[in-house]
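Notes to accompany the following structure.
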Number of protein chains: 2
Amino acid sequence: MISQDELYMREALIEAKKAEAEDEVPVGAIIVRNGEILARAYNTREKDKNALHHAEIKAINEACKILGGWRLVGCTLYVTLEPCPMCAGAIINSRIERVVYGAPDNKAGAFGTMINLTDYPLFKPQITPFILKDECSQILKSFFKAKR
Amino acid sequence: MISQDELYMREALIEAKKAEAEDEVPVGAIIVRNGEILARAYNTREKDKNALHHAEIKAINEACKILGGWRLVGCTLYVTLEPCPMCAGAIINSRIERVVYGAPDNKAGAFGTMINLTDYPLFKPQITPFILKDECSQILKSFFKAKR
């Protein structure tokens, strides 16, 4: 029996695989609202030559355009890797209500691993970690192993 | 005698005033490299209906385009208000070497006030706080006072 969170994380993994195919660090994200996938995105930092172009930032940008406002009320973000401080801050700023992530980020994870931004008096999304953790970690490990 | 940091902060304040004139929370930023102002930006979150459109993010986006890469090596960012976690994270991700800010942000300041992201094992920009603090605070206070 596969959970709804796992089903949506598989969609985020499809995005991560698009990044991998373009030789980008394989991270993918989707934003879901009322059972509908509003936005899909993957990391394109190298191709775009832009430090902001993480999967989460691109998905939030798209969702703001689609919903026509900066408050992403009722939205859940699924992302294959734990958000960094930039992306966690963008999630908080956009009032995304729930974040589901796959692999922990030991170097920059900002929702529980390196730091937890929900410990501070900011808007606090609900965090569900480690959904399809093994698959989400493995795609990153394979990418970095091939790079060495 | 006015310092170079004060001169550049005056340029960031010019940007903040553009935000104020458009009824946006008045925060402005510039990015300087080798004595040249590479990018100028101000907060347009409401007009753009986009949670990402803080002054710093817009300036970093512009500087990445101008320099043609995601590493903003040798760059200093001047901003009238202490960066929030999203913007502080973007500064770290883009390898901006130095950040000069004006007013502290008691609610969301991520370079020393609410939290200090330079306390963690991430890239650490050099931080110079409180340049033209009074002017940078005053423009925000006046804006919020007029809103009440």
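Per-atom-type breakdown for chain A gives carbon and sulfur 49% of the accessible area (1.4 Å probe, protein chains only). The mean number of partner chain beta-carbon atoms within 10 angstrom of a residue's beta-carbon across peptide B:86-99 is 5.
Cross-link check: pairs A:Lys65/A:Lys147; A:Lys17/B:Lys58; B:Lys47/B:Lys141 evaluated at a Cα-Cα cut-off of 32 Å; pairs beyond the cut-off: A:Lys65/A:Lys147. With the convex hull of the Cα atoms taken as the outline of region A:92-148, the averaged projected area works out to 4.4 nm². A:Lys17 contributes an accessible area of around 110 Å² to the protein surface, as traced by a 1.4 Å probe with all chains present. Using a probe of 1.4 Å, the accessible surface attributed to A:Ile2 totals some 70 Å² when neighbouring protein chains are kept in position. Starting from the label point of B:Val73 at 7 Å along Cα→Cβ, the same points in the other copies fall at 4.7 nm, in ascending order.
Exposed loop chymotrypsin sites (Phe, Trp or Tyr not before Pro) only (DSSP loop, at most 16 other Cβ atoms within 10 Å): please give the longest stretch of chain B free of them, not including the sites. With chymotrypsin sites (Phe, Trp or Tyr not before Pro) excluded where exposed in loops, chain B gives B:1-122 as its longest stretch. Between identical copies, the spacing of A:Arg95 label points, each set 7 Å from Cα toward the C-beta atom, reads 3.8 nm from nearest to farthest. Structure remark: mean-square fluctuation, Gaussian network model of chain B, C-alpha springs under 10 Å; the largest value among B:Pro125, B:Pro26, B:Pro83 belongs to B:Pro125.
In the elastic network of chain B, a GNM with C-alpha springs shorter than 10 Å, the most mobile of B:Lys47, B:Lys18, B:Lys124 is B:Lys47. Kirkwood hydrodynamic radius of region A:21-148, from the reciprocal of the average inverse Cα-Cα distance over all distinct pairs: 14.6 Å. Within region B:1-101, the GluC sites (Glu not before Pro) that combine a DSSP coil assignment with at most 14 other C-beta atoms in a 10 angstrom radius are B:Glu22. From the square roots a ≥ b ≥ c of the eigenvalues of the alpha-carbon gyration tensor of region A:1-90, which class results: rounded (a/c under 1.5), prolate (a/b over b/c), or oblate? Because a/c hits 1.5 or more and a/b fails to exceed b/c, region A:1-90 counts as oblate. Shape verdict for the protein assembly as shown, please, from the Cα gyration tensor: rounded (a/c under 1.5), prolate (a/b greater than b/c) or oblate. Prolate shape, in that a/c is at least 1.5 and a/b is the bigger ratio. Ligands, DNA and RNA are left out, and with a 1.4 angstrom probe the accessible area of region B:2-148 is 43 Å² per residue. Taking amide H as placed 1.01 Å from N in the peptide plane, the amide H of A:Thr128 sits under 5 Å from that of A:Val99, A:Val100, A:Tyr101, each at least 5 places away or on another chain. Ligands, DNA and RNA excluded, the heavy atoms of B:Leu67 present near 60 Å² of accessible surface to a 1.4 Å solvent probe. Taking the helices alone, the protein assembly as shown has a mean residue ellipticity at 222 nm of -12500 deg cm²/dmol, built from -39,500 (n - 2.57) per DSSP H run of at least 4 residues and averaged over all its residues.
For the pair region B:90-148 and region A:79-148, the centres of their Cα atoms are 24 angstrom apart. Other residues lying with their Cβ under 10 Å from the Cβ of B:Cys64 contribute a combined charge of +2, Lys and Arg counting +1, Asp and Glu -1.
Between copies, the label points at A:Glu62 (set 7 angstrom from Cα along Cα-to-Cβ) are spaced 2.7 nm, reported in nanometres from shortest to longest.
The values are calculated or read from the model by the stated rules, or taken from the named source; none is laboratory data. Given the structure is predicted, the values throughout are model-derived calculations rather than measurements. Cβ sites come from the backbone with ideal geometry, for glycine too, and all protein chains shown count toward neighbours. Protein only, heavy atoms only, side chains kept; ligands, DNA and RNA dropped before computing areas. Shrake-Rupley method; radii C 1.70, N 1.55, O 1.52, S 1.80 Å.
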